[in-house]
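What follows is a set of notes on a single structure, which appears directly below.
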Amino acid sequence: MSFSIDDTKRGNSKVVESGGIEVPVATLESLVGEAGIDDHNIGLIWVDVEGYEDQVIRGAGELWESNNWVLEMRSVLADMAPIGEHLAGREVIVLSEMERPSGRVLSQDDIVRIGNGEWGEVCLDVLVKAKKN
């Protein structure tokens, strides 16, 4: 996989199809396992991955189901449908929207609209609560 470093703003560095530096790829689940971290000792997972939320969540395994997550979604994502599918059935609280504090809980209809791309530009920080067993 290739990674492009933005020298003007490091937070804008991201995965690219070609032209970046080659980097190894691992799933979040495998990294946690290799580090010997007990899943039950994780309280919150914060993700800011410049449009690659779906790939991180898909590579999280049980971590996605059993932990609280904060997702920073601050760009126009080409296809929000996978994110909407991941969020379906979960309690999702907007921490900030367009840089303003919020605190509102997204309805399942809101989540469907995000997945359908009806929100246009997505600029949210959301807390996704763990699934209750």
In nm, to one decimal, how far is the modelled label at residue 55 from the one at residue 22, with both set 7 Å along Cα→Cβ? 1.6
Build a GNM of the chain with springs between Cα atoms under 10 Å: which of 118, 97, 22 gets the top mean-square fluctuation? 22
Tell me what the chain gives for mean residue ellipticity at 222 nm when only DSSP H runs of n ≥ 4 count, each as -39,500 (n - 2.57), the sum divided by the residue total, rounded to 500 deg cm²/dmol. -6000 deg cm²/dmol
FRET E, pair residue 15, residue 40, Förster distance 35 Å, beta-carbon r, rounded to 0.05: 0.70
If you take all C-alpha pairs in the chain, what percent of them are over 24 Å apart? 33
I'd like the FRET efficiency for residue 88 and residue 6, computed as 1/(1 + (r/R0)^6) with the beta carbon distance as r and R0 of 35 Å, rounded to 0.05. 0.60
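Read-outs: derived from the displayed coordinates by stated rules, not from any lab. Being a predicted model, the structure only gives us computed values, none of them experimental. Don't worry about glycine lacking a Cβ; one is built from the backbone with ideal geometry, like all the others, and counts go over all protein chains shown.
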